């Protein structure tokens, strides 16, 4: 079980390399938080953005890892430099992977480095302290989420390690890691959901159900909990309870268009077109500038024999799409005109 020191400490050689740069006389005219950023930019040139969960020393040595690994390394350097940091979640187009019967999605976290020498001038109003953002791979479709505490960030790292253990069928190790994660963030829905999943794979369905109920009572993010709880009910032959849970998703307002997109795509695959429209409408309303979401909503309308609504949404998607993609949308619009299923 890695300790916080294991996660956030650098080796003596790594510390010496960073501090030699940070305290070099020729760097002293540069603000402290900028020096941390410049060192990251220089040292991590060619950083390999893979999905591995690395500690600070591993990410430093391997110049590789996911966004959590980069944030862990950033914190390790900032702590050495006495620079205050803060973490923020980003709602971005997720990277999904499927292994066995699991679907995994990535988190996106970025780090703010604050200027430790900043002093507000009398009579001036500042909405935020001067800072530099360290971001994994910023994208145009990113939606800024809430700032998160360092405790929540630590919990996310332990959760990622637990997910790795679950994939390797090391269930007791996964539960041990999740126990630590829950100590740092007891109401974090993703951790509660993962804990329930591990118990399901240990055939401990009573415990799994208790965790789902606990999550629905205490967590602000309920959509994934509800979806997986419904799967548990279905596996136990309680189709009515599963359907009630899935119907309760409709009334949720979680602001994550990609989550609703995933639910909508799943409903489309299951030919549940009314549900698909409901979920994809949520996705399109939360991110109305993403033409891909409009396209999926148009497909759901079309499959549900609502060709006029499909045409209207597809027209909107064509207006949002890049110029090089618009001919494909125009072709789809022509196809709808030629093949109009009865409304």
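Suppose we filter 274, 266 for residues that are free of Cβ contacts under 8 Å to residues at least 60 places away in the same chain, assigned by TED's automatic domain parsing to the domain that holds residue 290 and either closer than 28 Å to residue 178 by Cα or not in a helix (DSSP H, G or I) (or both); which single one remains? Walk me through how you get there before you give the answer.
On the way: 274 fails: either closer than 28 Å to residue 178 by Cα or not in a helix (DSSP H, G or I) (or both).
Among 274, 266, only 266 is free of Cβ contacts under 8 Å to residues at least 60 places away in the same chain, assigned by TED's automatic domain parsing to the domain that holds residue 290 and either closer than 28 Å to residue 178 by Cα or not in a helix (DSSP H, G or I) (or both).
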query: Does residue 322 meet the test of being loosely packed, with under 15 Cβ neighbours inside 10 Å and within 15 Å of residue 257 (Cβ to Cβ)?
result: no
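Test residue 276 against the criterion of being under 26 Å from the mean Cα position of the chain (by Cα) and over 20 Å from residue 321 (Cα atoms), and give yes or no. Break it down stepwise before answering.
Working: under 26 Å from the mean Cα position of the chain (by Cα): yes; over 20 Å from residue 321 (Cα atoms): yes.
Yes; evaluated as a whole, the condition is true for this residue.
Considering only segment 8-55, how many residues are assigned to a helix (DSSP H, G or I) and without any contact (Cβ under 8 Å) to a residue 40 or more places away in the chain?
If we filter segment 8-55 for residues that are assigned to a helix (DSSP H, G or I), which is where we start, we get 8, 12-22, 25-27, 32-43.
Next, from what is left, pick out any that are without any contact (Cβ under 8 Å) to a residue 40 or more places away in the chain: 12-13, 16-17, 20-21, 25-27, 38-39, 41-43.
Total satisfying the criteria: 14.
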query: Any residue at all in segment 133-156 that is modelled with pLDDT under 75, under 29 Å from residue 40 (Cα atoms), over 19 Å from the mean Cα position of the chain (by Cα) and in a loop (DSSP other than H, G, I, E, B)?
result: no
- request: Pull up segment 236-245, narrow it to residues that are outside any loop (DSSP other than H, G, I, E, B) and exposed (fewer than 12 other Cβ atoms within 10 Å of the Cβ), then point me to the one that is modelled with the lowest pLDDT.
  value: 239
- prompt: Which of the residues spanning segment 14-37 are over 15 Å from residue 82 (Cα atoms) and crowded, with 16+ Cβ neighbours inside 10 Å?
  reply: 14
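Do we have residue 241 as in contact with a helix residue (DSSP H, G or I) (Cβ under 7 Å, 6 or more places away or on another chain) and closer than 30 Å to residue 209 by Cβ here?
Details: in contact with a helix residue (DSSP H, G or I) (Cβ under 7 Å, 6 or more places away or on another chain): yes; closer than 30 Å to residue 209 by Cβ: yes.
Yes.
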task: Could you please let me know if residue 94 is modelled with pLDDT under 90, in contact with a helix residue (DSSP H, G or I) (Cβ under 7 Å, 6 or more places away or on another chain), outside any helix (DSSP H, G or I) and assigned by TED's automatic domain parsing to the domain that holds residue 9?
output: yes
statement: Restricted to segment 302-315 and to residues being within 20 Å of residue 265 (Cβ to Cβ) and surrounded by fewer than 18 Cβ atoms within 10 Å (Cβ to Cβ), the residue nearest to the chain's Cα centre (by Cα) is 303
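For segment 66-82, enumerate the residues that are at pLDDT 90 or above and over 18 Å from residue 16 (Cβ atoms).
Taking segment 66-82 first, the residues at pLDDT 90 or above are 68-82.
Within segment 66-82, 68, 69, 70, 71, 72, 74, 75 qualify.
The values are calculated or read from the model by the stated rules, or taken from the named source; none is laboratory data. For clarity, every value in this text was computed on a predicted model and none was experimentally measured. Here the Cβ is made from the backbone with ideal geometry for all residues, glycine too, and neighbour counts use every protein chain on show.
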